[in-house]
1. Inspect segment 246-261 for any residue being small (Gly, Ala, Ser), in a strand (DSSP E or B), at pLDDT 95 or above and more than 29 Å from residue 451 (Cβ to Cβ) and give the result as yes or no.
2. Only one of these is in contact with an Asp or Glu (Cβ under 7 Å, 6 or more places away or on another chain) and not acidic (Asp, Glu): 265, 247. Name it.
3. Can you confirm whether segment 164-180 contains a residue that is crowded, with 21+ Cβ neighbours inside 10 Å, within 30 Å of residue 68 (Cβ to Cβ) and among the hydrophobic types (A, V, I, L, M, F, W, C)?
4. Could you please find all residues in segment 343-370 being touching a helix residue (DSSP H, G or I) at 6+ places or on another chain (Cβ under 9 Å) and open to solvent by 10 Å² or more (accessible area, probe 1.4 Å)?
5. Go through the residues of segment 124-139 one by one and say whether even a single one is surrounded by 15 or more Cβ atoms within 10 Å (Cβ to Cβ), hydroxyl-bearing (Ser, Thr, Tyr), over 22 Å from residue 92 (Cα atoms) and modelled with pLDDT of 95 or more.
6. How many residues does segment 360-379 hold that are closer than 25 Å to residue 312 by Cβ and part of a loop (DSSP other than H, G, I, E, B)?
7. Residues 153, 193: which one is open to solvent by 10 Å² or more (accessible area, probe 1.4 Å) and farther than 26 Å from residue 119 by Cα?
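The values are calculated or read from the model by the stated rules, or taken from the named source; none is laboratory data. Computed from a predicted structure; not experimentally measured. No Cβ is skipped: glycine too gets one built from the backbone with ideal geometry, and neighbour counts run over all protein chains shown. Heads up: the accessible areas ignore ligands, DNA and RNA and are worked out on the full protein's heavy atoms, side chains in. Shrake-Rupley method; radii C 1.70, N 1.55, O 1.52, S 1.80 Å.
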Amino acid sequence: MDKIDATTNETPIPSGGVEGGYQYIELYQQARQMIFSHSVDVMNALRDEAFSDFQRLGFPTKKVERYKYTDIPSLFAPDYGLNLNRYDIPVDPYEAFRCDVPSLSTLLYFVVNDAFYQEVLPKVSLPEGVIIGSLRDNADIVKTYYGRLAKTSEDGITALNTMLAQDGLLVYVPRGVRVERTIQVINILKAPSLLGRAGGEAFMSNRRVLIIAEESAEMKLLFCDHTADDCNFLTTQVIEVFAGENSNVDLYCMEETHAKNIRLSNVYVRQESNSKVKHNILTLHNGTTRNKLDLVLAGDGAECQCNGCVIADKHQHVDNNTLIIHEAPHCTSNELYKYVLGQSATGAFAGRVYVAHGAQKTSSQMTNQNLTSTREARMFTQPMLEIYADDVKCAHGSTVGQLNDAALFYMRQRGIPEKDARMLLQIAFVREVIDQVELTPLRDRLHYLVEKRFRGELSKCEGCRLCN
């Protein structure tokens, strides 16, 4: 690769093998001083160690068990521009984001590529002690938590992100504080003007998110991923979530991007005693998406609910990989992931529940159900249980099939056209996942967007202007 960084017009991205990530190794070696100078000490402290880990690991290939369904090295093959000099990228967030959720009163924040957007902030005051802002501006809190869960020695994507990320988002709720309003974060992918004009160019961002709920704290977060340009994007994202004792964290992640977008997201969650975490991920429109969730139930009585809804067609690819570790007794985990795949789409779900020695009275249920509406659609599913305690209640199940012929015949006999009958059955299939969303306005909006998606209307929209 001999491309010049399209944003800085200074730093070349050197040539090298893609599978081993050599071009990014050489990039870091040449641009290390620039990366350090535009970040902060707390992030720089882990950077060299992450670089060493990435040198050793490279990009995970399909030979790595947790990456067997997605060809990661090929995703990094294009020449990606990076904004290492941290130049401002002009954006009107309200112009780029128009898919509001009626009746949902939120605290609205924006992240442009990988930087917290300071220009537009909610006018409503936050509860005392709550911080929502840039990682760079809150080093005293960040240094206690940053990188504790996301181990660069175990994952090449996490190592690359830690090596290159220069900023990110902090959400901190102190002990005993409840944030009544939902915190809504709009992740907007926006290319520099040089790339935006070309349309076929590629831009890469490395986003970092740190979420901290101290003892007895409560919060609800809604992350929405959108694209503001018709450009090839690749985003690596690492989210670390700390849920203290008796805390309650609801995390909703919704992707509505375009077919040129690649999203690689690693989420790490640690729960203390009697904490409750809900992780809901919805992929309504995308290009290639690979989500990894590592969740540790570290304290007695902790509970987690993990739900996923995927709707994909054309040549879209969605891969969800989960690992739930029960370290403590009396913990509960429930997973429900549903896919609807059409045309030549590819879906993958691999879920593993690990019950450690001593984690007695564990209760765990994992369910993955999938519909393929064409012969060309492909679904790979791999539910797993690994149990080292003898007093547990654990179950898992997975199905892959097509629409029920009897139900389809019944509806057609009552005058419903075949196309509409198929759409209604698919909507009913994913409804169980959408109904897990506790925010009523968001749940109602999702039902509306799911129907639009099955009608093919979302894919016709320009960028992320889904509600025009």
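1. no
2. Going through 265, 247 in turn, the sole match is 247.
3. yes
4. Across segment 343-370, the qualifying residues are 352, 369.
5. No, segment 124-139 has no match at all.
6. Going through segment 360-379 one residue at a time, the tally reaches 5.
7. The match here is 153.
To keep it simple, each residue is scored yes or no on (1) on the phi > 0 side of the Ramachandran plot; (2) at pLDDT 85 or above; (3) surrounded by 18 or more Cβ atoms within 10 Å (Cβ to Cβ).
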{"position": "426", "(1), (2), (3)": "no, yes, yes"}
{"position": "430", "(1), (2), (3)": "no, yes, yes"}
{"position": "434", "(1), (2), (3)": "no, yes, yes"}
{"position": "437", "(1), (2), (3)": "no, yes, yes"}
{"position": "447", "(1), (2), (3)": "no, yes, no"}
{"position": "455", "(1), (2), (3)": "no, no, no"}
